[in-house]
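This report concerns only the one structure given below.
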Amino acid sequence: NAGVTQTPKFRILKIGQSMTLQCTQDMNHNYMYWYRQDPGMGLKLIYYSVGAGITDKGEVPNGYNVSRSTTEDFPLRLELAAPSQTSVYFCASSREGGNQPQHFGDGTRLSIL
Amino acid sequence: GENVEQHPSTLSVQEGDSAVIKCTYSDSASNYFPWYKQELGKGPQLIIDIRSNVGEKKDQRIAVTLNKTAKHFSLHITETQPEDSAVYFCAATSNTGNQFYFGTGTSLTVIP
């Protein structure tokens, strides 16, 4: 049971570089989410998707973009990396939205120097 | 939007003692309250959840209580073991919303 898989696990970027964080799930879940986790701050929602072709902003979307071309994949794009984007990024999925449990990947630790 | 507060931020207990973590929420429309455990280097894992139509739920050594009137819910871990050491997060959401609102986490250390 793979669940939610995130790649890479670690990455160091220079300021101004771009990269894509990959997320895939094999549970046929409709909803997918991207969070960032900063020390002592809990998890903040960046973007979410309720199904293929549909995405929406969360609490902290600035500096990020997403796409959802398939049910399985939900990549997160950083276009111009900034030090403030140094964080641990988690992808999650759920069968439906609202009051359904979310299943998380093991995260991507990203440092912007 | 919803605001979830979690206390304490750190908690140390002796092995075998009980641990209690408390969360409050602000939006009366919230009706689903999951608890997640996060071990070092891993993603959060759901350990128990409760919906607003019940006041308490138990799963072996773990229990969650909900007081809708006061808008607070708590995680209770009994007979703690070293493997319970982790960061615990509470969250709140409603069935009309697509966003979970997370507390800031509690780092639990169980001392052998």
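Below are the figures for this structure:
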{"item": "Residue in the stretch A:27-49 that is nearest to the other protein chains (Cβ to nearest Cβ), counting only those that are of a type in the set (A, V, I, L, M, F, W, C) and surrounded by fewer than 16 Cβ atoms within 10 Å (Cβ to Cβ)", "result": "A:Met41"}
{"item": "Count - residues of the stretch A:62-74 that are in a loop (DSSP other than H, G, I, E, B) and surrounded by 16 or more Cβ atoms within 10 Å (Cβ to Cβ)", "result": "5"}
{"item": "Filter result (of a type outside the set (S, T, N, Q), buried (at least 16 other Cβ atoms within 10 Å of the Cβ) and touching a Gly at 6+ places or on another chain (Cβ under 7 Å)) within the stretch B:56-82", "result": "B:Leu66"}
{"item": "Matching strands (runs of 3 or more DSSP E) fully within the stretch B:32-112 where at least 1 residues are touching a strand residue (DSSP E or B) at 6+ places or on another chain (Cβ under 8 Å) and charged (D, E, K, R)", "result": "B:32-38, B:45-51, B:56-59"}
{"item": "Residue list for the stretch B:9-25, restricted to those being surrounded by fewer than 18 Cβ atoms within 10 Å (Cβ to Cβ), closer than 19 Å to B:Ile48 by Cα and not aliphatic (A, V, I, L, M)", "result": "B:Ser18, B:Lys22"}
{"item": "Scan of the stretch B:15-49 for residues that are among the small types (Gly, Ala, Ser) and without any contact (Cβ under 8 Å) to a residue 60 or more places away in the chain, ordered by number", "result": "B:Ser26, B:Ser28, B:Gly41, B:Gly43"}
{"item": "Answer residue from the stretch B:33-46, given it is more than 7 Å from chain A (Cβ to nearest Cβ) and buried (at least 18 other Cβ atoms within 10 Å of the Cβ) and is farthest from the chain's Cα centre (by Cα) among those", "result": "B:Gln38"}
{"item": "Answer residue from the stretch B:1-32, given it is under 13 Å from the mean Cα position of the chain (by Cα) and facing chain A (nearest Cβ under 9 Å) and is nearest to A:Gly58 (Cα to Cα) among those", "result": "B:Val4"}
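Read the figures in this text as sums done on the coordinates, not as results from a lab. All of these numbers come straight from a predicted model, not from anything done at the bench. Using ideal geometry, Cβ is built from the backbone for each residue, glycine included, and neighbour counts are taken over all protein chains shown.
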